[in-house]
1. What percent of all Cα-Cα pairs in the range 225-280 falls in each 5 Å bin, counting up from 0?
2. With each label point set 7 Å from Cα along the Cα-Cβ vector, what nm distance links LYS180 and ASN288?
3. Under 30 Å Cα to Cα from LYS121, which lysines show up? Leave out anything in the same chain fewer than 8 places away.
4. Expected output is a single nm value to one decimal: the length gained when fully extending between ASP219 and ASP198, i.e. 0.36 nm times separation in residues minus the C-alpha distance. What is it?
5. Express in nm, to one decimal, how much length is gained between LYS52 and LYS347 on full extension, taking 0.36 nm for each residue of separation and deducting their alpha carbon distance.
6. Report, in debye and to the nearest 20, how large the dipole of the range 284-349 comes out about its Cα centre when Lys and Arg carry +1 and Asp and Glu carry -1 on their Cβ.
7. Let me spell out the model: positive unit charges on the Cβ of Lys and Arg, negative unit charges on the Cβ of Asp and Glu, origin at the Cα centre of the chain. What dipole size does that give, in debye rounded to 20?
8. On a C-alpha basis, how far is the centre of the range 129-150 from the centre of the range 267-307 in Å? Whole number, if you could?
Amino acid sequence: MSKTYKIAVVPGDGIGNEIVPEGLRVIDAVAEKHGFSIETESFGWGAGYYLKHNEFMPANGLETLKAFDAIYFGSVGLPAVDDTLPAKDYTFKVRTGFNQYVNHRPVRTYPGVTRPIRSEKHIDFVIVRENTEGEFVQMGGQYLPDEANGMGIDTSVFTRKGIERVAHYAFKLARTRRKKVTHITKSNTLINSLSYWDRVIKEVAQEYPDVKHEQMYIDNSTAMFVLKPEIFDVVLTTNLFGDILSDLGGAVMGSLGLGGSGNINPEKEFPSMFEPIHGSAPDIAGKNIANPYGQIWSAAIMLEHIGEVEAANNIMQAIDKSTSEGVLTVDLGGSASTSDVADAVIKNL
Ligand code: ATP
Ligand code: MG
């Protein structure tokens with residue numbers, strides 16, 4: 001009997017409603033080819049839902065999602081909704097509620113896509129971003145006594161448990177790749193939190209003597225992402241730095257629309273969530289011009305996570321074939337529509 005996976009689908013807002021269905025078409029086609037099936041249930045949560053219900057997802061949302069093998073997510077956010085809310089009410093809730101402490105964000109060259117950087121070398125690395133603590137714990141406050149005075153404070157929290165578990169993921173991942181971890185920090189100025197982060201990571205590194213371990217500061221690393229991106233294999237970094245570096249990673253590839261990602265709970269005690277690295281892009285929504293490659297790549301990362309590695313590889317090969325044939329969306333200088341891209345990927349599976 002063929003395996004069936006239960007996937008929760010949360011398209012979200014804006015272009016999520018266009019690229020998620022295209023990604024699902026690719027998943028269905030690849031499943032049929034590789035002899036497994038996908039059962040999906042769609043949830044209309046996000047900023048649109050918030051405008052009607054005053055919350056991004058129902059109070060029992062996490063409980064509902066628990067029953068699934070994975071969550072295939074687009075993006076949440078609309079111009080009419082305060083942009084500090086989506087992170088708090090959907091993304092942060094799912095990431096922390098399901099212990100998705102790894103944000104796995106690969107960066108690679110797509111054949112046939114022009115990149116904005118000089119390096120002609122093949123780029124292939126993974127940003128492993130700590131996803132549940134650090135700078136994003138939302139602990140702090142504002143003191144606003146009057147118009148002329150005030151201050152805002154956010155506290156970063158790095159725990160041994162939080163650092164160790166994401167570090168183990170990065171070193172194990174490096175073992176399956178080119179065996180190098182570059183850990184990115186700023187412990188020369190954030191002398192309490194990030195020097196603790198460094199210390200714990202160095203301890204974990206000792207358990208992986210076969211993996212090369214390097215440390216780099218965030219300022220230098222942003223320059224290296226542009227000047228010598230080929231030196232990276234696994235980039236291990238904090239929540240905030242990982243957030244920034246992944247947009248830079250998207251740009252290095254040629255467009256934000258190209259990046260896929262997984263919010264991963266490596267122990268599989270809860271479902272993991274797979275989404276493109278970009279937002280809901282309301283400025284281009286509803287026109288069938290959004291680039292779905294990152295959303296489709298996220299499907300491949302999801303299939304790999306649930307154990308369908310051959311199907312995942314098949315999607316990646318089909319993506320490469322499609323971009324090298326020149327099936328490129330407007331952001332990549334082409335004229336293919338969102339659905340043209342999915343058609344091409346399905347044809348090339
Ligand atoms: P978020 O806060 O959710 O990260 P954002 O404000 O950073 O969102 P995005 O929605 O990521 O913004 O959009 C940034 C820019 O990139 C916009 O001009 C958008 O049109 C473009 N963009 C993002 N994703 C895509 C895509 N898949 N295809 C084409 N253009 C995209
Ligand atoms: Mg963004």
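Please treat every number below as a calculation from the coordinates, not as lab data. Source: prediction; values computed, not measured. Please note: Cβ atoms are built from the backbone with ideal geometry, for glycine as well, and neighbour counts cover all protein chains shown.
1. 4, 16, 22, 27, 17, 9, 4, 1
2. Those two pseudo-labels are separated by 4.5 nm.
3. The qualifying lysines are LYS172, LYS179, LYS180, LYS186, LYS202, LYS212, LYS228, LYS321, LYS347.
4. Between ASP219 and ASP198, full extension yields an extra 6.0 nm.
5. 102.2 nm
6. Charge dipole, the range 284-349, about its Cα centre: 180 debye, nearest 20.
7. So the magnitude is around 1040 debye.
8. 29
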